[in-house]
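Have a look at the structure below before the remarks.
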Protein chains: 2
Amino acid sequence: MDESEFLAGYDPRAYPAVAVTVDVVALTIRGGALHVLLVRRGEQPHAGRWALPGGFIRPDEDLPEAAARELAEETGMPGRVHIEQLASYGTPGRDPRMRVVSVSYLAFAPDLPAPRAGTDAADAAWHRVERLPELAFDHARILTEGLERARDKLEYTPLATAFVGETFTISELRSVYEAVWGVPLHAGNFHRKVLSVPGFVESTGETTETGGARGGPRAKLYRAGDARLLHPALLRPAREEEIR
Amino acid sequence: MDESEFLAGYDPRAYPAVAVTVDVVALTIRGGALHVLLVRRGEQPHAGRWALPGGFIRPDEDLPEAAARELAEETGMPGRVHIEQLASYGTPGRDPRMRVVSVSYLAFAPDLPAPRAGTDAADAAWHRVERLPELAFDHARILTEGLERARDKLEYTPLATAFVGETFTISELRSVYEAVWGVPLHAGNFHRKVLSVPGFVESTGETTETGGARGGPRAKLYRAGDARLLHPALLRPAREEEIR
DNA sequence: GCAATAGTGTCTATAAGACACTATCTT
DNA sequence: AAGATAGTGTCTTATAGACACTATTGC
């Protein structure tokens, strides 16, 4: 190995600067539909275009902290938010300014207050995932992969409970699955299945104060149980097109 | 927003330099046991300690390319290697030299030739995952998460076929599952299950030239099918301890 | 009363796993 | 001949999903 190879391998300052950002795919359910948080960019590049909330990491700040901070700056961040890492993107040219590697995070929260525009965004709003504007950078790809991850994790983890309140009914939980998967589920079978999974939900002993808005009996209330994995899993209806 | 906030948000050059590396968890099966590729570091920090192969990304090089290059530099890279992203790690202080964000990759390959020491490693060798030396940096954590990911993906993707040759027997495929999961599987049930999954394997019409080393009939040969997901999945025997 | 919903019962098809068994190969 | 392995048959239990049904509520 010659000198130039040694330097190439061990001295990062020999390279052009690399910036690291975090981008957050924040999901919630509003009015029975899955929504993602988008901000309208106030600066170039892509000024005026919608993008995922995110920004450069700060010194002495860990990656999950940076994601939580960026999300808080855009929403007011009401406590109960589940955050987990999604993937990283570093294709040269994905940001026209310089080499940028973005670490993306998934965030799930119960229905949140309307977001407020943050420190570096002209506007912020929840968008239905079925009707999205054109996104800046490669954020459409990041969002697509985030949605697919969320749909997968709903199957074998208790993630759905992160989308509802502290206590919830089985129907509310079912509407989370229906919103994220985009398919209607059989109410009776879903009910029995959720209760059959050890540790998924536990009864509070309480019921709702009233019946449903359009009639029906009061529903029992549950809270999240202590399971980290669902066994048996709640599998999506088979998707032939995704198998091959 | 004041001027300092603006700069903090949009000018990465205002920060201390951040370096981005890729680290590769390369897995293969040798003698029925799962092995991971480790290199012995030749330079400070952690000189002389075993570590995952990896290094700084280069300008104009995409992340998966960087992972493939680092792996090739350590092994001689025999073509058929499956690579996929694992996760990113950026806790301040994880590298004593400077702020380093590492994007880790998982690589799977059939039994490879013995690795050769690469450009920036004093030594390189396959290690059984049950008997590992102490690792540099936070590589023990990265490796643990990589193993868990591999075990999961074996369940619902045809990943196991990446560990065997172009054609293979059902027994060879079963020994992949046994090595990665670390549990014995019932030969008869496994056989029937694999053949029942559409697109997992397809028959070549051929058989092995001889029976097994210790006797038994010649086995039919298969090649990987066109399925991207296994349905139904081949689930691991239930792990009570991992559920709660 | 009527319509909607919560929750339960039942039946069928599919899948997982235990076990037995035959055929074919190596030593 | 003996022992190991490939591959198949069969039975039991668990699960997924279709469908029916009762009870309770809002309007």
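The values are calculated or read from the model by the stated rules, or taken from the named source; none is laboratory data. Keep in mind it's a predicted model, so treat the numbers as computed, not measured. With ideal geometry, Cβ positions are generated from the backbone for all residues, glycine too; neighbour counts draw on all protein chains shown.
Of all residues in the range A:162-184, exactly one satisfies the criterion of being in a helix (DSSP H, G or I), farther than 12 Å from A:Ile29 by Cβ and among the polar types (S, T, N, Q), namely A:Ser171. Can you name every residue in the range A:37-85 that is part of a loop (DSSP other than H, G, I, E, B), closer than 21 Å to A:Ala136 by Cβ and within 14 Å of another protein chain (Cβ to nearest Cβ)? Matches in the range A:37-85: A:Gly42, A:Glu43, A:Gln44, A:Pro45, A:His46, A:Ala47, A:Pro53, A:Ile57.
Among B:Arg151, B:Arg141, which is the only one that is under 30 Å from B:Glu43 (Cβ atoms) and under 15 Å from the mean Cα position of the chain (by Cα)?
Selected residue: B:Arg141, the only one of B:Arg151, B:Arg141 that is under 30 Å from B:Glu43 (Cβ atoms) and under 15 Å from the mean Cα position of the chain (by Cα).
Kindly establish whether B:Pro198 is in contact with a His (Cβ under 9 Å, 6 or more places away or on another chain), free of Cβ contacts under 8 Å to residues at least 60 places away in the same chain, within 16 Å of DNA strand C (Cβ to nearest atom) and part of a loop (DSSP other than H, G, I, E, B). Spelling it out, B:Pro198 is indeed in contact with a His (Cβ under 9 Å, 6 or more places away or on another chain), free of Cβ contacts under 8 Å to residues at least 60 places away in the same chain, within 16 Å of DNA strand C (Cβ to nearest atom) and part of a loop (DSSP other than H, G, I, E, B). Checking each residue in the range A:201-244 for being aliphatic (A, V, I, L, M), free of Cβ contacts under 8 Å to residues at least 24 places away in the same chain, within 14 Å of chain B (Cβ to nearest Cβ) and part of a loop (DSSP other than H, G, I, E, B) picks out only A:Ala238.
Look at B:Ser88 and say whether it is at the interface with chain A (Cβ under 9 Å from one of its Cβ atoms), under 26 Å from B:Val180 (Cβ atoms), modelled with pLDDT of 95 or more and not in a loop (DSSP other than H, G, I, E, B). So B:Ser88 fits the description; yes. Would you say B:Thr157 is within 11 Å of chain A (Cβ to nearest Cβ), more than 15 Å from DNA strand D (Cβ to nearest atom) and among the polar types (S, T, N, Q)? Answer is yes for this residue. The residues listed here are B:Glu209, B:Glu166, B:Glu240; of these, the one that is exposed (fewer than 12 other Cβ atoms within 10 Å of the Cβ) and away from DNA strand C (no atom under 15 Å from the Cβ) is B:Glu166. Every condition in (1) surrounded by fewer than 21 Cβ atoms within 10 Å (Cβ to Cβ); (2) at pLDDT below 95; (3) touching a helix residue (DSSP H, G or I) at 6+ places or on another chain (Cβ under 6 Å) is met by A:Ala51 except one, and the failing one is (2).
Only one of the listed residues (A:Val180, A:Val194) is within 22 Å of A:Phe108 (Cβ to Cβ) and more than 13 Å from DNA strand D (Cβ to nearest atom). That residue is A:Val180.
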